[in-house]
Amino acid sequence: MPHSRKAIIVGAGIAGLTAALRLRQAGWEPVVIERTSEPRGGGYALVLHGMGYDTVERMGILPDLRERHFDPFELRYVRTDGRPRFSVPRSAMHAILGVRQLTLLRGDIEEILYRAIRGTVDIRFATTLASVDQDATGVRAVLDDGTTVTADLVIGADGVHSTVRRLAFGPEERFRRDLNHFVAAFVLDHLPAGVEQGTTTTLTTTGRTVTVTSLGPGRAAAFFVHRTPSQDAELAKEPRQAIADTFGDLDWVVPDLREQLHRESSVYFDGLSQIILDRWSNGRVVLLGDAAWCVTLFGGYGASLAIGGADQLATALQRHPDDIHAALDAWETRLRPTVENKQRLGRRNTTAHAPPTPLHLVARNLTMRLAVTPPVQQLLRRHLQVRG
């Protein structure tokens, strides 16, 4: 019987959990290292489509994810006092995005993936990587609890601020390209008055956006994004203070959202940055997902790339069972054009999410008003790079 290969996966987010599931299916022995004390929840809403949708279908978890899917695709845009500006009906959004897509909370995807590997994969919570060394035969990882794990491969799936990348490639500043925006997202304990069930409702002024998404009965999430000259200055603040400083003058449901934020312990709060690397692997250490590329929320394909990229990595390792370096080369050659394309899209999309001038805001609104027409729907499909 051939020797079972072992992989240390750092990070139990979407990329890391997908890699663990696919490698286990491929006959590998994954060990997952996660710094949080338990599986995460909440997060922002995202659309899973393209290679992400194809992969979860092949892995057999599509039915479970479909149960968490919500359809808030009536888009409503409001003025600063909450009065309606215009709406985009569900029919238009379905025409743009197609039927092979799921709208989900990031935490729901992670929960389904975690359930798929729980009990069959060694997952070590409240643990971080202290150091990693490698030679021609394998890698040796020392954890912060003093234990040592040896393996054939280390996969850094630990996000944009990756510890694996810092240890094996160098400091973050060498590879981080800031888009000069920050984002905050959190799950609400109630849907604010003035936002209807089954809608995504957005207030945009120059340089900033507030969105409330209905996630089904009893569930909702808020999303704040703001253009800033210095991400580091914003991130030095506590999330509640940053939102108060930037959005405190707005009415509509913003006072309610700020009150709920004070009761919420799990808040996604970070700058929007892309990671630009000439190569995603260094010997037997490989980066995956946001640790490797991070297209940002503006690219709109991060979860799909994380899932599809993990699947393609496992497939390449299966096809090159005796040569990890050849597998990593083949994987990157195949995936990199898609990643770089989505990164370019993410950089172009900044003006849609936080329009820098009133003219940009007028152009964004005009495009979305016309999204009911087939020509604009086709234009948006091409811009968003939706297949089919």
Charges only on Cβ, +1 for Lys and Arg, -1 for Asp and Glu: so what's the dipole of the chain about the Cα centre, in debye to the nearest 20? 1260 debye
quick note, the chain, DSSP beta bridge pairs, % antiparallel (nearest 5) is 70 percent
Could you check how much of the accessible area of the chain is carbon and sulfur, as a whole percent, using a 1.4 Å probe? 50 percent
Find the relative contact order for the range 159-307 and round it to a whole percent, using C-alpha pairs within less than 8 Å whose residues are 6+ positions apart. 31 percent
Amide H neighbours of His181 under 5 Å, counting only residues 5+ apart in sequence or on other chains, H built in-plane at 1.01 Å? Thr228, Leu272
Whole number in Å², please: accessible area per residue of the chain, 1.4 Å probe, ligands, DNA and RNA not counted. 42 Å²
Could you tell me which residue out of Thr205, Ala12, Leu215 lies farthest along the dipole of the chain toward its positive end? Charges go on the beta carbon: Lys and Arg +1, Asp and Glu -1, centred on the Cα centre. Thr205
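Please label the shape of the range 37-130 as rounded, prolate or oblate, based on the square roots a ≥ b ≥ c of the eigenvalues of the alpha-carbon gyration tensor (a/c under 1.5 means rounded; beyond that, a/b larger than b/c means prolate, else oblate).
On the way: a/c = 3.44, a/b = 1.73, b/c = 2.00.
Verdict is oblate for the range 37-130.
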For the range 278-283, in order, what is each residue's ³J(HN,Hα) by Karplus, 6.51 cos²θ - 1.76 cosθ + 1.60 with θ = phi - 60°, in whole Hz (x at glycine and Pro)? 5, 8, 8, 10, 9, x
Viscosity 1.306 mPa s, temperature 10 °C: give me the Stokes-Einstein translational D for the range 231-388 in µm²/s, with Rh taken as the Kirkwood radius over C-alpha pairs. 84 µm²/s
Largest first, please: the extent of the C-alpha atoms of the range 210-270 along each principal axis, to the nearest Å. 38, 24, 19
For the range 106-121, just list the computed ³J(HN,Hα) in residue order, Karplus coefficients 6.51, -1.76 and 1.60, θ = phi - 60°, integers in Hz, with x standing in for Gly and Pro. 3, x, 5, 4, 5, 5, 5, 5, 4, 4, 6, 10, 4, x, 10, 10
Once a ≥ b ≥ c are taken as the square roots of the eigenvalues of the Cα gyration tensor of the range 69-123, is the result rounded (a/c under 1.5), prolate (a/b larger than b/c) or oblate (a/b not larger than b/c)? oblate
Can you tell me which of 353-359, 111-117 comes out highest on packing, and rank the rest after it, using the mean Cβ neighbours within 10 Å? 111-117, 353-359
Could you tell me whether the chain comes out rounded, prolate or oblate from its Cα gyration tensor? Rule is a ≥ b ≥ c as square roots of the eigenvalues, rounded for a/c under 1.5, then prolate if a/b exceeds b/c, otherwise oblate. prolate
Descending packing, highest mean Cβ count within 10 Å first, for 369-379, 155-165 is 155-165, 369-379
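The values are calculated or read from the model by the stated rules, or taken from the named source; none is laboratory data. Everything quoted here is computed from the prediction, not taken from an experiment. Using ideal geometry, Cβ is built from the backbone for each residue, glycine included, and neighbour counts are taken over all protein chains shown. The area values use the complete protein model at the heavy-atom level, side chains included, leaving out ligands, DNA and RNA. Shrake-Rupley method; radii C 1.70, N 1.55, O 1.52, S 1.80 Å.
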